[in-house]
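All of the numbers you see were taken from the coordinates with simple rules; none came from a lab. Not measured: the values here are computed from a predicted model. Using ideal geometry, Cβ is built from the backbone for each residue, glycine included, and neighbour counts are taken over all protein chains shown.
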Amino acid sequence: MTVDIDKTRAVLLQERERLLREIDELESGLAVSLADSSEESPYDQHMAEAAAFTQERQMDLTLEENARMSVARIDRALAKLDEGTYGACDSCTKAIGSARLRIAPDASLCIDCQRLAEKGL
Ligand SMILES: [Zn+2]
């Protein structure tokens, strides 16, 4: 399998930067909405508004969580690049496949193990 290590590393680092910026923005957004809530106390007055507000915050938290998980995956992929194990499945050590890595350069499992992992097996 042919993987351009330098190019892959650059792609991963770029994506990592983007995610960290996104996390930053989400966190400052959450801080602002928390500040708003203390002033207006939407929980007492407008139930519908409060629900929408809570939902929005929940969504931001989920986005942030996803972004953090992506960063962790990228860190793992970068570590594998350094170890020289990039492109090998973490679980079964088989080749992940260059087609899959092109779509998901941060993949650390082959498609079979990924499917099993998603099923919780
Ligand atoms: Zn595998």
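Its Kirkwood hydrodynamic radius, worked out from the mean inverse distance over all distinct Cα pairs, puts the chain at 16.7 Å.
The mean sequence distance of close C-alpha pairs (under 8 Å, at least 6 residues apart), as a share of the length of the chain, puts its relative contact order at 29 percent.
The order of LYS80, LYS119, LYS94, LYS7, going from fewest to most other C-beta atoms within 10 Å of their C-beta, is LYS119, LYS7, LYS94, LYS80. Its DSSP H runs of at least 4 residues, each contributing -39,500 (n - 2.57), put the calculated 222 nm mean residue ellipticity of the chain at -25500 deg cm²/dmol, to the nearest 500. Of the DSSP H helices in the chain, those with a Cα length along their own long axis of 20 Å or more and a mean Kyte-Doolittle hydropathy reaching -0.5 comprise 5-40, 47-83.
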